[in-house]
Amino acid sequence: MMQSFAISANLAGLLKRRGWLAFGFSLDGLKRVWQEEAFRVEAVLAAVLVPVAMMLHLSPLEKVALIGVLLLVLVIETLNTAVEVAIDHISYERHPLAKQAKDLASAAVLLTLILALLTWVVLLWF
């Protein structure tokens, strides 16, 4: 029984250390994506719209939808940046597949922005 507790404590300690490491990596990623102008614009827009969403007379679920779609834009923008960085790491040489990958990631951002706009329009005007 005592040995079982020691293993559990060691595992908990390992998970705690790994969790802090992962958190640090995430902060590094946020620092990096903040360097992107598009992300900064979208983050400022979210910083303005989140309090607006909280003040609206909507159901909690509708507020979550309004805020969630703003966070989704930031998530997809972060993934877009990750794709661009990975491709640039491989080569700065122009290649049709590299352009295609970057364009596809950019299209994902555009589609998410359209989703955000539609969500806000539907919940505010219908």
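What does the extension gain come out to for Lys102 and Phe126, with contour length at 0.36 nm per residue minus their alpha carbon separation?
Values: separation 24, 0.36 × 24 = 8.64 nm, distance 3.56 nm.
My answer for the length gained is 5.1 nm.
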For this session: Can you send over the solvent-accessible area of Asp103, 1.4 Å probe, protein chains only, in Å² to the nearest 10?
Result: 70
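How much length, in nm to one decimal, is gained on full extension between Leu117 and Leu79, taken as 0.36 nm per residue of separation minus their Cα-Cα distance? Could the numbers behind the result be given before it?
Working: separation 38, 0.36 × 38 = 13.68 nm, distance 1.98 nm.
Stretched fully, the Leu117-Leu79 segment lengthens by 11.7 nm.
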Exercise. Under the Karplus relation 6.51 cos²θ - 1.76 cosθ + 1.60, θ = phi - 60°, what is the ordered set of whole-Hz ³J(HN,Hα) values for segment 64-78, x standing for Gly and Pro?
Worked result: 4, 5, 5, 6, x, 5, 5, 5, 4, 4, 5, 4, 5, 4, 5
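Step by step: find N for segment 7-81, compute 2.2 N^0.38 Å, then divide the Cα radius of gyration by it. What's the final number? If you can, show how the numbers build up before the last one.
On the way: Rg = 16.9 Å, N = 75, 2.2 N^0.38 = 11.3 Å.
In units of the 2.2 N^0.38 Å rule of thumb, it is 1.49.
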Exercise. Which aspartates and glutamates have a Cα lying under 19 Å from the Cα of Lys99, excluding residues fewer than 8 positions away in the same chain?
Worked result: Glu36, Glu77, Glu84, Asp88
For this session: Have a look at segment 34-126 and give its Rg and Dmax from the Cα atoms, expressed in angstrom.
Result: 15.8, 52
Exercise. Reachable lysines from Lys16, Cα under 29 Å, same-chain residues fewer than 8 places away excluded?
Worked result: Lys31
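The values are calculated or read from the model by the stated rules, or taken from the named source; none is laboratory data. Because the structure is a prediction, the values reported are computed rather than measured. The area values use the complete protein model at the heavy-atom level, side chains included, leaving out ligands, DNA and RNA. Shrake-Rupley method; radii C 1.70, N 1.55, O 1.52, S 1.80 Å.
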